[in-house]
Structure formats: C-alpha cells, structure tokens
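What follows is a single structure, written as structure tokens, with notes after it.
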Amino acid sequence: MSESNEQTEVVLAVLQAIADRIEAEKKHLTDLDSAIGDADHGANMHRGFQEALEQVEGMDDEEPATVVKNIGTALISEVGGAAGPLYGGSIMSASQELEEGITPETSIAFAEAYLDKLQDRGDARVGDKTMVDALVPAVHTYKKSIESDELPPLTALSKAVDAAERGVDFTVGLRASKGRASYLGWRSVGHQDPGATSTLFMLEEILDVAADHLEGEIDRDARSPTIPDEEPEDA
Amino acid sequence: MVSIVVVSHSKRAAEGIRDVAQEMGGDATILPVGGDPDGGIGTTAPAIEEGIREASDGSGVLVIADLGSAVMNAEIAVEAVEGEIEATIADAPILEGTLNAAVSAAQPDASLSEVLERAEEARELRKL
C-alpha cells in the first residue's frame, strides 16, 4: 500500500471515529444547544457526519486531501445551521494544505488555514463564546509544541486537545457575543458552548486515532507551558 | 431584470416575505428559499445556490437573508456561482429590504448595484 493510501486510511478512520462520537453525544450536544441556542446542534452534526460517511465510501484509493475536501462538502450540504458553513467550509478550504500529504508541517498549515477560514466566515474572536474559544488555544498550542518545543506530533496534539478542553471550560462563564446565544444576553452566562464542545470532541477523536499511528507520549494532564522560549515563525 | 432570492430559516417566512414584496414588485422575480434538509428550521448553502441559479436571467441576483447562519450559507452559495452569475448579498432587514429591492428590480433597466443600494436603504427605515 502506498503512503498516500495509508494516510487516506487514517483520514477515513478519523471520520468514522468522529461520526461515532457525534452519534453517541447527539443528545448531549442538543441539550447544550437547547440551553442557549436553537436545539439542533446534535441532530445537525449527526446528519452531516452520516452524509460525510456516505460521500467518502469507496474513496480508499483517493489522495487524503481529496477525501478531506469531500468531507467538507458533505458537511456544508447536510449540517445546516451555522455549523455547516463553519465546519464544512473551513475543512473544505483547509484541505488544499494537505495536497502534498500529511506531515507535521502540513498538519500545522491545515490547522492554521482552518482557523483563518473559520474566523473569516464567522467573524468571531476569542471570548465571544463560540467554537473559536476551543480552537484558538488548540491550534496555537499544536504549532508551538512542534515548532518551538520540537515535540513529536502526537504529544503536540495531546497538548492541543488539553488546551481545547480548557477553552471549552472557559466558554461557561462568558456572555455570548456571536451566534444565536448572543440574543440571550446575560442568560447565556453559565452554559457551555455547544460548538466549542463539538470541536473538542472532534479533536479528541483525531488524537485517539493518531495514537494508533504515531509515536509519542500523550500528555493530556499537562498545563500548557507559560512563556515560549522562542517565537514560532509567522506567529 | 435583476432577480431577488429571499433566504429565511423558515420556508414559510421566506414565502410570506416574497408575497408581501411581490405586491409592490410587479414582474420582478422573487424566489423564496428556506428550511433545513429535514424540512425543519434552518438553511443550507446548496439550496441557496440552487435558488440563485433558478432565479438568474443573467442580469444579476440579489440575496437577502435573515439570521447569522443564513448569511454564512448565502456567502458560500454566492462563492459557488462566482464567475458564472453575478450575485451579491444585501446587508439589510429581510422584509423591508426585499420590498425595497423588489420595487427597484421591477424597473427593467435597474442594475444589481442600484437594487442592492435600495435594499440597504431599508436599514434606515423608522417605524415610529
């Protein structure tokens, strides 16, 4: 089996793991969204990931970037709500960073392109009580762990997931200023953001699948290092 | 003639807004789009893209959407037809904006930028 086929196999395994996790957490996500949104996040994400599974069936021989792009397209078509354009559009757009295959460098480029597209489309900043609050610390931690700390990608990913989890916790005490929850004003305080939560679930599943394929320590209880020794390039 | 696509989370709301605007909009094409793939409340980009393609007669399409995710899905739809159909999103309240746009689009020589401008003037409408 060629290297690109092996990578495609990993992408497909990640998709399956995320689809299963979303199915298991469907009610949980909808409950979170009932508190401060329109109560459709679980159902929407489940519908989208089931469609993505169907879309990529038989794509085992395609390039990983092509498969990732198709996952994005499926999510745009089927998720609906804000999660469709945000998850689907960002995945689709960032997939071009993987055209040379998946390496530590292209995975950082993918993560940064995903974050850029997400913030461009949703116009949300850290502190707005959105998926951005989980994603920004995850992407920054991943980049810094590889580029400055020279950690193995699996360890970097585990630190990123840990950072995302703390980002999700951070959303609880915030008043929403983007998305449907912002209509609730102060009533949104005290509730965990559903989009940040589903972002964390997806990152946890990526980590779980990556652990089967990569060398490195999983370091999820670590607190993030405080001040970087050196600035990552283009940070 | 510039066409108008009305995008609401509710298909019925989009249709109702079309009905209100059409009374003033003469022959202008006003196409309602709304609902998620299960027929519930929501919007999707492919449905909006289809609406833009169906509404277009080559003179440009103005898209007016309701809340947050409808605007994001409209952006993806407009990007999908880029290079084929001139389409743009109005930053305007959906009912008043559609009404203004319909009146403007009913004039056969109105350009997309003129219809857009009229739609966005609806932001200034006061009720009391």
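The values are calculated or read from the model by the stated rules, or taken from the named source; none is laboratory data. Here the structure is a predicted model, which means the values were calculated and not measured. As a convention, Cβ positions derive from the backbone with ideal geometry for all residues, glycine included, and neighbour counts pool all protein chains shown. Note: accessible area is taken over every heavy atom of the protein model, side chains too, but ligands, DNA and RNA are not part of it. Shrake-Rupley method; radii C 1.70, N 1.55, O 1.52, S 1.80 Å.
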Some residue of the stretch B:56-74 being touching a residue at least 60 places away in the same chain (Cβ under 8 Å) and more than 14 Å from chain A (Cβ to nearest Cβ): yes
field: Listing of helices (runs of 4 or more DSSP H) fully contained in the stretch A:1-119 that carry 1 or more residues being basic (K, R) and surrounded by fewer than 19 Cβ atoms within 10 Å (Cβ to Cβ)
entry: A:3-24, A:26-36
- request: For the stretch B:72-79, state whether one or more residues are crowded, with 20+ Cβ neighbours inside 10 Å and over 20 Å from A:G72 (Cβ atoms).
  value: no
- prompt: So which residues in the stretch A:149-167 are open to solvent by less than 20 Å² (accessible area, probe 1.4 Å) and not hydrophobic (A, V, I, L, M, F, W, C), if there are any at all?
  reply: A:T155, A:S158, A:D162, A:G167
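Results for (1) under 16 Å from the mean Cα position of the chain (by Cα); (2) at pLDDT below 95, shown as yes or no for each residue.
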position	(1), (2)
A:V11	yes, no
A:D20	yes, no
A:G37	no, yes
A:E62	no, no
A:V67	no, no
A:G81	no, yes
query: Looking at (1) open to solvent by 60 Å² or more (accessible area, probe 1.4 Å); (2) within 12 Å of another protein chain (Cβ to nearest Cβ), can you tell me which one B:E86 breaks?
result: (2)
statement: Note on A:I206: of the conditions (1) closer than 20 Å to A:I18 by Cα; (2) assigned to a loop (DSSP other than H, G, I, E, B); (3) among the aliphatic types (A, V, I, L, M), unmet is (2)
message: Please go through (1) in a helix (DSSP H, G or I); (2) closer than 17 Å to A:P152 by Cβ for A:L200 and return the number of the only condition it doesn't satisfy.
response: (2)
- prompt: Are any of the residues in the stretch A:76-85 within 14 Å of chain B (Cβ to nearest Cβ), touching a residue at least 60 places away in the same chain (Cβ under 8 Å) and under 30 Å from B:G42 (Cβ atoms)?
  reply: yes
task: Give just the number: which of (1) of a type outside the set (K, R); (2) at pLDDT below 95; (3) open to solvent by less than 30 Å² (accessible area, probe 1.4 Å) does B:V6 not satisfy?
output: (2)
field: Filter pass, A:L115 being within 14 Å of chain B (Cβ to nearest Cβ), closer than 30 Å to B:I41 by Cβ and of a type outside the set (K, R)
entry: no
- prompt: So which pairs qualify, if the first residue must be in the stretch B:30-51 and closer than 16 Å to A:A83 by Cβ and open to solvent by 50 Å² or more (accessible area, probe 1.4 Å), the second must be part of a loop (DSSP other than H, G, I, E, B) and modelled with pLDDT of 95 or more, the Cβ gap must be under 8 Å, and the two must be at least 6 apart or on different chains?
  reply: B:I41/B:H9; B:I41/B:S10
